[in-house]
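For reference, the structure discussed in these notes is given below.
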Amino acid sequence: MIMTLSPEPFMSLGCAIPRDSDGERITLAYGEGGRLSRRLIRERLLPRFSNTTLSVLGDAAHLSTSAAAIAFSTDGYTVTPLFFPGGDIGKLAVFGTVNDLAVSGAIPRWLSLSLIIEEGLPWSVLDRVLDSIQAATLQANVSIVTGDTKVVPRGAADQLFITTSGIGDVLDPATADPGLLQIDDMLIVSGPIGQHGAAILCAREQLDFDPCPVSDCDVLTPPLLELHRTASFPRVVRDATRGGVAAVLHEWAAASHLTCLIDEAAVPVGPAVRSITELLGLDPLHLANEGTFVLATPRAFVEPTLKTLHQFDVSRGATVIGRMTRQRSTPVIVIRGIGQEVPLDEPSGSPLPRIC
């Protein structure tokens, strides 16, 4: 019997290293697990993040901790554009996961780093992101101890996606569940809100605002650890990322069966963010933040809490914006204008997708 094999199934096969490659861009071969994959790790990753744990390059990192409990968090980052005023996808990926650990009541220790790279991404872009990741890990005092890289065909990703996972030592006592919130607990925001969302909006749409908003992307660990050290730890704390402050307040109201009462005049909003939101009809309370948190604390702890937060640049603008009150007809109420109480809608979707 003679078999004839049709060539069609093989016609889609392509060279992982195209002949016309100029050497300045990443090709599919760098994600295939072979020599070029090892070269990417050896030349780009290890020089920046090398430590005794990562250098083993095993399938899993072996870690030891003296903590009675650990916290574990993971998140993916697909922001566009990759670079924006005040940050970039690399800085965002490190601080985003570090902050998730910090607000949960843990000291961040270790990160994993996973890169999904689109074929054709310039090496110069990857190097710039990796340099930013390196600087962010040093600032946050964390180590990258394991990771992975994949290269996907053109069009399968938007330049670069990053996933980071983090492990931290849980402090005792850790920040509590929002279900434990009580009437008359005071609500504090750590600084001006909406800066990250506004910065991404201006960068993406090339809006010519003066001044241009700058993302608040920053690490939150120092002030939160100091609150714990001084025994002024909050009843609950959350970083107000996607959905902004509004999303956090709605979550707390649902968990506690109470209502959040907010004074609009007390909510800190920078002039650049205020101009953009007023012009475009957006509410700063719905815009994303990447270095701003909301906390709830008993009234007796308000003064020492603010005193501690004001010692750190990232929380120097901390202020009381409202309080928890008995459950009313709506979960979150904002006192606007001359005292009119207006329900604050829960975000049903992001006014600006791909912000983190």
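The values are calculated or read from the model by the stated rules, or taken from the named source; none is laboratory data. For clarity, every value in this text was computed on a predicted model and none was experimentally measured. Backbone-built Cβ (ideal geometry, glycine too); neighbour counts: all protein chains shown.
Among the residues of the range 296-319, is any among the small types (Gly, Ala, Ser), touching an Asp or Glu at 6+ places or on another chain (Cβ under 6 Å) and either under 23 Å from ASP184 (Cα atoms) or at pLDDT 95 or above (or both)? Scanning the range 296-319, I find at least one residue that is among the small types (Gly, Ala, Ser), touching an Asp or Glu at 6+ places or on another chain (Cβ under 6 Å) and either under 23 Å from ASP184 (Cα atoms) or at pLDDT 95 or above (or both), so the answer is yes.
In the range 196-242, the qualifying residues are those that are free of Cβ contacts under 8 Å to residues at least 60 places away in the same chain and in a loop (DSSP other than H, G, I, E, B), and the one that is farthest from LEU171 (Cα to Cα) is ASP208.
Please tell me if PRO18 is out of contact with any Asp or Glu (no Cβ under 6 Å at 6 or more places or on another chain), at pLDDT 50 or above and in a loop (DSSP other than H, G, I, E, B).
Against the criterion (out of contact with any Asp or Glu (no Cβ under 6 Å at 6 or more places or on another chain), at pLDDT 50 or above and in a loop (DSSP other than H, G, I, E, B)), PRO18 qualifies.
Out of THR221, THR163, THR241, one residue alone is under 21 Å from TRP110 (Cα atoms) and surrounded by 20 or more Cβ atoms within 10 Å (Cβ to Cβ). It is THR221.
If you filter the range 24-58 down to residues that are in a loop (DSSP other than H, G, I, E, B) and β-branched (Val, Ile, Thr), you find that the one that is surrounded by the most Cβ atoms within 10 Å (Cβ to Cβ) is ILE26. Of everything listed in (1) modelled with pLDDT of 85 or more; (2) closer than 25 Å to GLN159 by Cα; (3) within 27 Å of the chain's Cα centre (by Cα), the single unmet condition for GLY31 is (1). Taken residue by residue, the range 303-317 has at least one member that is surrounded by fewer than 16 Cβ atoms within 10 Å (Cβ to Cβ) and among the acidic types (Asp, Glu). Within the range 250-275, restricting attention to residues that are of a type in the set (Ser, Thr, Tyr) and touching a helix residue (DSSP H, G or I) at 6+ places or on another chain (Cβ under 7 Å), which residue is farthest from ARG328 (Cα to Cα)? Checked the range 250-275; the qualifying residue farthest from ARG328 (Cα to Cα) is SER256. Listed conditions (1) within 10 Å of the chain's Cα centre (by Cα); (2) buried (at least 23 other Cβ atoms within 10 Å of the Cβ) are all met by LEU113, apart from (1).
Screening ILE144 with (1) of a type in the set (A, V, I, L, M); (2) buried (at least 22 other Cβ atoms within 10 Å of the Cβ); (3) in contact with a Lys or Arg (Cβ under 8 Å, 6 or more places away or on another chain); (4) within 30 Å of GLU32 (Cα to Cα) gives one miss only, at (3).
When the strands (runs of 3 or more DSSP E) confined to the range 261-356 are screened for residues that are aromatic (Phe, Trp, Tyr) and assigned by TED's automatic domain parsing to the domain that holds PHE209, those reaching at least 1 such residues are found at 293-297. Out of curiosity, is GLN139 farther than 30 Å from PRO153 by Cβ, modelled with pLDDT of 95 or more and surrounded by fewer than 24 Cβ atoms within 10 Å (Cβ to Cβ)? Yes: the conditions hold for GLN139.
Quick grid of which residues meet (1) part of a loop (DSSP other than H, G, I, E, B); (2) closer than 28 Å to GLN195 by Cα; (3) modelled with pLDDT of 90 or more; (4) in contact with a Phe, Trp or Tyr (Cβ under 9 Å, 6 or more places away or on another chain):
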position: ALA60; (1), (2), (3), (4): yes, no, no, no
position: GLY76; (1), (2), (3), (4): no, yes, yes, yes
position: ILE107; (1), (2), (3), (4): no, yes, yes, no
position: SER114; (1), (2), (3), (4): no, yes, yes, yes
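Screening LYS91 on (1) charged (D, E, K, R); (2) farther than 30 Å from ASP208 by Cα; (3) surrounded by 22 or more Cβ atoms within 10 Å (Cβ to Cβ) shows it passes everything except condition (2).
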